[in-house]
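A quick write-up on the structure given underneath.
What follows is calculated from the coordinates using simple rules that are stated; it is not laboratory data. Owing to the predicted nature of the structure, the values given are computational and were not obtained by experimental measurement. In this analysis, Cβ positions are derived from the backbone assuming ideal geometry, glycine residues included, and neighbour counts consider all displayed protein chains.
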Amino acid sequence: MSYRKAVSAVCLIALAGCVPLEPEAVARLGPSPALGGGTYTSGGGITVAADLRNQEGRTMLCGVWAQSRQQSVLTKHVERKVLGTAAVSLGNETLARGLVFMPEVSPRADYAGAEAGCVITDRPWRTGDEDRTPEIRIPRQVVADQSDENGTMIIEFKPTGPGAGL
């Protein structure tokens, strides 16, 4: 194999790891989904709800997300960026990174029963997993940085927990 072909093959494999997850199934969230999310420094925020289930011996992650109905115009359409940096873990194991496969739903008090997008992970389902709660992690990040001659407006997302409100 030539050097050029070898480099091309390595690059293609690396890029394949950057492809966002696509939902592989649809299911309703269980009675007590895990909740996470955060708020924007300008007001408003995001809530992510997720749960796990056994899918033929593998761990399936299902979830939805919601955003505040009222928020700054500067935070409109940043949710894909925020969800793209999010991850769901179970103990020390990261199950999925980039939660853009999850569908948006309206903010609500209870996300149980919401129709969710699901991905089947490589992690085997283990005895006791049905009693474990996944952890939703979204890092703190700048989502808008508007600077001009009149000043600077920087808006951050902070992982404060469920932030979509009702």
On average, how much area does the Cα convex hull of the stretch 27-74 cover when viewed from any direction, in nm²? 4.3 nm²
Ranked list, fewest to most other Cβ atoms within 10 Å of each Cβ, for Phe101, Phe157: Phe101, Phe157
Taking each pair of distinct Cα atoms in the stretch 97-140 once, what is the resulting Kirkwood hydrodynamic radius in Å? 13.3 Å
So for the pair Met153, Ser106, with labels modelled 7 Å out along Cα→Cβ, what separation do we get in nm? 2.9 nm
Hey, if you drop one equal point scatterer on each alpha-carbon of the stretch 19-158 and run the Debye formula without solvent, what base-10 log of I(q)/I(0) do you get at q = 0.09, 0.11, 0.17 Å⁻¹? -0.29, -0.41, -0.88
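The chain: longest stretch without exposed trypsin sites (Lys or Arg not before Pro) (DSSP loop, at most 16 other Cβ within 10 Å), sites themselves excluded?
1-68
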Taking the simple approach of a point 7 Å from Cα along Cα-to-Cβ for both Ser32 and Asp122, what is their distance in nm? 3.1 nm
Under 12 Å from the 7 Å Cα→Cβ point of Gln146, by amide nitrogen: which residues of the stretch 72-110? 72-76
Apply the Debye scattering formula to the stretch 48-94, with a single equal point scatterer on each alpha-carbon and no solvent, then give log10 I(q)/I(0) at q = 0.23, 0.30, 0.32 Å⁻¹. -0.93, -1.21, -1.26
I need Thr59, Thr41 ordered by Cβ neighbour count within 10 Å, fewest first. Thr41, Thr59
Among Ala34, Ala109, Ala96, which one shows the biggest mean-square fluctuation in a GNM of the chain, springs joining Cα atoms closer than 10 Å? Ala109
